[in-house]
Amino acid sequence: MSRNLRTASILSLGALGASQAFLAPKLPREVSHPGSPGVEGVKPSPSGSSHLLTPCALVSLALGAAAAGRGKRQKGLKAVSQAVALQPDVDVERSLSEFVPKIQALKKKAEDLKKKDLKKLVAKEPPSPELQGACGEVDQLVSGVVSAIDGLRDHVSKLRDSELRREVYAMDRQAQDWVGKVEKEAVESLTGYRDGVDTMMEVHVVGLSHHSAPVEVREKLAVAQADWNAYAQELVEFAKDNQSGYLVPEVSVLSTCNRFELYFASPEMKKFDAVEAVHAFLSHKSGLSAEELEPYLFSHTGEDAIQHLFEVSSGLDSLVLGEAQILAQVKACHEHAIQKISEDVPVAGSGGKIVAKMLNAAIRMGKLVRSRTKIGKGSVSVSSAAVELMMSRAMQDLRKPANKLHVSIIGAGKMSRLLLLALFSKHPDIKVTLVNRSVEKAQEVLDDDMVKNRGGANASVAPLDQMFDVMRQSDVTFTATGSKVPIIHAKDLQELERNLMLVDISVPLNVAGDCAEVERVTSYSVDDLKKVVEANAMKRQAEVKKARRFITEEVAKFKCWQASQGAVPYLAALQAMAEKIRREEYAKMEHKLKGLQEKEKDALDKLTRHLVDQLFRPLYYSMKENEPISEKRSKIMALREIFRLAPLYKRGLLTNPQEPAQLNA
C-alpha cells in the first residue's frame, strides 16, 4: 500500500507539469470543467459533454495509470493507452465524458492515501532503496503518460468536426479582430488617421508673430501684400507629392509688421506630411536652417487653428488688445485668397473652399466680437489716449464741443501721424494745423493715404517760426517733437485771448512744467495719458472672457460645416451615378417616345431630373445637420459603403497627379 501511495503522489505532480508543458501552448485557458468545480479547464459543449486536457483531468489520468499499474509498468501503460486511444470517427468530448468520472474516483482514493501515509514517507532521510526504486518506476510511467497525451493532442488536431477545434478557430478569429482594433486605435493615436474618410480636409496655421519671434526673424519671412498670391501658389507646388498628390491644395498668406501666418488646408489623412512640407518651405524661403527657424514657429491644427484665426481677427492676439487694424488685414487676406486671374491680378488666389470659408467666418467673428463686447472701446495707445482726453475734457476746460475745436500739432513724425489718424477717425472735418520745421515733410504726412482716407479736408501746414501764432489761434495744442528740452515755457503763453489745452505726448517733455500755472492754460503730460491707457486696458481685458465664449461657439459651427464637406465628393459621385442611370433608362424608352414633341420630351427629361433631385434632397440636408463630428463621419462612411462610391472632386488638386481630374467644374 505504501508503494502505491508513493507512486500516486509523485505521478500526480509529474503529470501536472507535463500537461502544462505540452498542452498549455496549444489549448485555450478561458474555460471551465463541469465535472471539476473551481478548476480552469475546458468550456462545456452545447450538448453538455466535457472536454479533456485540463490540468486537473491530466492529474486524474496520471493517478489512474498509477493505480492500474500496481508495480507492473507494462500493464499501467496499457491501461493509459486504452484510456486515451480513440478512433478517428469517435467524438472526443463524448468519449472523455464517460471516462472522466472514473478518473475522478481514482483521484479521490489516491488523495485519501496521501492524507494518511504521505508525511511518514517523505520524513525518511536518506531515501530508502524502496523509495528510490519507486521513483524510477514513476519516471517511466510519466514518460508513458506524456507520450499518450502527446498522441491524444495530435489526434484531436486531426478531428475536423471537433467542437474544441471549432472553438479554437473562433477564439483565433476573435483575437485577430481584437488585435486589429488595437492596431487601428494605435495608428489613430499616433498618426491622426481616423475612420478612413479620405475626403475630409483639415485646416492648419503655421507662422510666427510678435509673441514668438524677434523682428530680425519676422522680416526674413515677410511677404509684400502684392506677392501674397504668388507666394501661396509656390507653396502649393512645393508641397506636391508625385505619389499622393498635393499635400497643401489650399493656402492663404497673412503678412504684417507683427505677424507672418500661413493658413492652409490638407487632406486629413496627410495632415502631418502637409505641416512638415510647410515647415520645409519656410526654411527654404527664409534661408534659415530648420534648427534656426523651428524655435520661433508655431503650428495649430483643426479646432486650435480655427480658434487662433478667430482670436486674431477679434484683436485678442494683437500687440494692442482689441485693435481694429488686424481685421482689415484679415479682410485683405480673404480677398487675395479668392482672387481670380485678371489684368490687375496676374496670379490667382489659392484659398480654395475650406480656407476661404474659414477666413470669411473670421471676418464675421471679428465684427461680432467688436459689436457684442467692449473689446475695442477705450484708447490703449498714447496717441489715441491723447485724442480721447481732449474729447472728454473739451467742455470742462474749453467750453466747446470737440468737433468745433481748432487743433494744432507741433511736429511731423510718427507720433503726429498717429495723432492725425486717431483724430480724423473721430472727427474727419475738424480744423487742424500741422506745424513743423520742414513744411514739405508736414505736407507729406497730410498726404499719406491712410490719413487722407480718414479725413483732413480742413487740415493745413505751417512753418515752425509761426508756432506761437498758430497756438494763440488754437484751442488744443499737441506736442510731439524730438527735442530733448522743453520748447514751450510759461513766458510764451502770456496774455492769451482764449483758453488753451496743452497735451504733451513727447518724451522728454516739450512743455515746461511752469506752463500749468499760466492763466487760461490747462496742461497734460504723457503721465496723465498713461493713466487713461491703463484704465482702458483693464476694461478691455475684462471683455476677453466674453469674446472667447463667442469664439468657442463659432469654432464649433465652422468645424461642423467643415466635416460636412467630406461628404461633397461622395454626393457628387452619387449624383453622377444617378444621372447616368437616368440617362440610360431614358435611352431605353426613347423609341417609345417618338410620338412626343420636343417640348414634351424636354418636360419629361426635366421631370426625371427633378425626381432624382427630390429623392436626394433629404440626404443633402442630413449632411448639413449640426451634430457631433463622429456622427458626421459615420454618415459619410455609410454613404460610401452603401453605394460603393469613389469620390468625385471638382478641383483637380485633390486627385492623383498621375490621373486626370474626375470632375472638372
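The values are calculated or read from the model by the stated rules, or taken from the named source; none is laboratory data. Keep in mind it's a predicted model, so treat the numbers as computed, not measured. Reconstructed Cβ throughout: ideal geometry from the backbone, glycine too, with neighbour counts over all protein chains shown. Ligands, DNA and RNA are stripped out before the accessible areas are found, and what is left, the full protein with its side chains, is counted by its heavy atoms. Shrake-Rupley method; radii C 1.70, N 1.55, O 1.52, S 1.80 Å.
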TODO: Kindly report the accessible area of the stretch 365-497 per residue (heavy atoms of protein chains, probe 1.4 Å, no ligands, DNA or RNA), in Å².
DONE: 51 Å²
Open item on the list: Rounded to the nearest percent, how much of the accessible area of the stretch 526-631 (1.4 Å probe, protein heavy atoms only) is carbon and sulfur?
Closed with: 57 percent
Open item on the list: Based only on Cα atoms, what mean projected area does the convex hull of the stretch 415-523 have, in nm²?
Closed with: 6.5 nm²
Task: Approximate spin-label separation PHE643-ALA328, in nm, with each point projected 7 Å along Cα-to-Cβ - done: 4.8 nm
TODO: Apply 1/(1 + (r/R0)^6) to the Cβ-Cβ distance of LEU319 and LYS491, taking R0 = 30 Å, and write down the FRET efficiency to the nearest 0.05.
DONE: 0.15
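Once fully extended, how much extra length lies between ASP304 and GLU625, figured as 0.36 nm per residue of separation less the alpha-carbon to alpha-carbon distance? Mind dumping the intermediate values first?
Numbers: separation 321, 0.36 × 321 = 115.56 nm, distance 2.24 nm.
Computed gain between ASP304 and GLU625 is 113.3 nm.
Using only the Cα atoms of the stretch 359-428, build the gyration tensor, take square roots of its eigenvalues as a ≥ b ≥ c, and label the shape rounded, prolate or oblate: rounded if a/c is under 1.5, else prolate if a/b is larger than b/c, else oblate.
prolate
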- [ ] Post the alpha-carbon centroid distance, the stretch 541-556 to the stretch 452-481, in whole angstrom.
- [x] 42 Å
Open item on the list: Students often check this: by mean Cβ neighbours within 10 Å, which of 586-592, 254-260, 475-481, 237-243 ranks highest, and how do the rest follow?
Closed with: 475-481, 254-260, 237-243, 586-592
Open item on the list: List the pairs from LYS452/LYS539; LYS367/LYS624; LYS240/LYS357; LYS357/LYS539; LYS357/LYS557; LYS374/LYS531 whose alpha-carbon separation is above 21 Å, in the order I gave them.
Closed with: LYS452/LYS539; LYS367/LYS624; LYS240/LYS357; LYS357/LYS539
Task: Projected label distance in nm at GLU579 and ARG472, using a 7 Å step from Cα toward the beta-carbon - done: 8.2 nm
Open item on the list: Test of understanding: extend the Cα→C-beta vector of SER483 to 7 Å, then name every residue of the stretch 400-420 with backbone N under 16 Å from that spot.
Closed with: 408-413, 416
Task: Cα shape, the stretch 370-473, gyration tensor, a/c 1.5 rule - done: oblate
Task: Projected label distance in nm at ASP465 and ASP527, using a 7 Å step from Cα toward the beta-carbon - done: 3.7 nm
